[in-house]
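In what follows, a single structure is set out as structure tokens and then discussed.
The values are calculated or read from the model by the stated rules, or taken from the named source; none is laboratory data. Everything numeric here is computed off the predicted structure, so don't read it as measured data. Here the Cβ positions follow ideal geometry from the backbone for every residue, glycine too, while neighbour counts run over all protein chains shown. Ligands, DNA and RNA are stripped out before the accessible areas are found, and what is left, the full protein with its side chains, is counted by its heavy atoms. Shrake-Rupley method; radii C 1.70, N 1.55, O 1.52, S 1.80 Å.
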Amino acid sequence: QVQLVESGGGLVQPGGSLRLSCAASGINIGGYAMAWYRQAPGKQRELVARVTTSDMTIYADSVKGRFTISRDNAKNTVYLQMSSLKPDDTAVYYCNTRKWGYDYWGQGTQVTVSS
């Protein structure tokens, strides 16, 4: 049973930083692409960043240069380092992976950027 558990969200002022973590179980993340998505109120869920098994990364245009996705295969954990946060980054952030054609999601962690 694949489980993804996010943590690290919270309230931060504009310009601040947060690091999200996604701890995986039931899967060896070294063998799968891992991703972060987010969903703001009234909006569709969108891809934020993805890291492949060969550590290639892609980012949404809105977060390029500000967010960094990384993986620690030994800890079976994926991270999203977020800097220069803006109010538009406010959303629930979800960890994601796909195994055998099935998408797995965590429960999400709330990030609120506000002064």
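Normalised by the empirical 2.2 N^0.38 Å for globular proteins, what value does the Cα Rg of the range 70-115 take?
Details: Rg = 13.3 Å, N = 46, 2.2 N^0.38 = 9.4 Å.
Relative to the 2.2 N^0.38 Å estimate, the range 70-115 comes out at 1.41.
Compute the orientation-averaged projected area for the range 47-100 from the convex hull of its Cα atoms and round it to one decimal in nm². Display every interim value, and only then the final one.
Working: hull surface 17.9 nm².
Mean projected area of the Cα convex hull: 4.5 nm².
In the range 40-110, what is the count of Lys pairs whose alpha carbons are under 23 Å apart, counting only pairs at least 8 residues apart or on separate chains?
On the way: 43/64; 43/86; 64/86; 75/99.
Close lysine pairs under the 23 Å cut-off: 4.
Explain nothing, just the number: relative contact order of the chain, from Cα pairs under 8 Å at least 6 residues apart, as a whole percent. Before the final figure, lay out the partial values.
Working: 279 pairs, mean separation 41.9, N = 115.
In percent, rounded to a whole number, it is 36.
List the residues, sorted by chain then number, that are 5 or more residues from residue 86 or on another chain and whose placed amide H is less than 5 Å from its amide H.
Hits under the 5 Å cutoff: 15.
Given a 1.4 angstrom probe, I'd like the percentage of the accessible area of the chain that is carbon and sulfur, rounded to a whole number. Please report the intermediate quantities before stating the final value.
Numbers: 2910 of 6190 Å².
The C+S portion of the solvent-accessible surface of the chain is 47 percent.
For the chain, what does the accessible surface come to per residue with a 1.4 Å probe? Please give it in Å². Can you show the working numbers first?
Values: 6190 Å² over 115 residues.
Dividing the accessible area of the chain by its residue count gives 54 Å².
Where Rh is the Kirkwood radius over the Cα pairs of the chain, the temperature 37 °C and the viscosity 0.692 mPa s, what D in µm²/s does Stokes-Einstein return?
On the way: Rh = 14.0 Å.
Rounded to a whole number, D works out at 234 µm²/s.
Do you know the relative contact order of the range 49-115, to the nearest whole percent, from alpha carbon pairs under 8 angstrom that are 6+ apart? Could the numbers behind the result be given before it?
On the way: 81 pairs, mean separation 14.7, N = 67.
Computed value for the range 49-115: 22 percent relative contact order.
Give, as a single signed number, the net charge of other residues whose beta carbon lies under 14 Å from the beta carbon of residue 48, with Lys and Arg counted +1 and Asp and Glu -1.
Numbers: positive: 19, 38, 43, 45, 50, 64, 66, 86; negative: 6, 46, 61, 88, 89.
With Lys, Arg at +1 and Asp, Glu at -1, the neighbours total +3.
Residue 64 accessible area, nearest 10 Å², 1.4 Å probe?
It works out to around 120 Å².
On the full set of protein chains, 1.4 Å probe, figure out the accessible area of residue 102 and give it in Å² to the nearest 10.
Accessible area, nearest 10 Å²: 140 Å².
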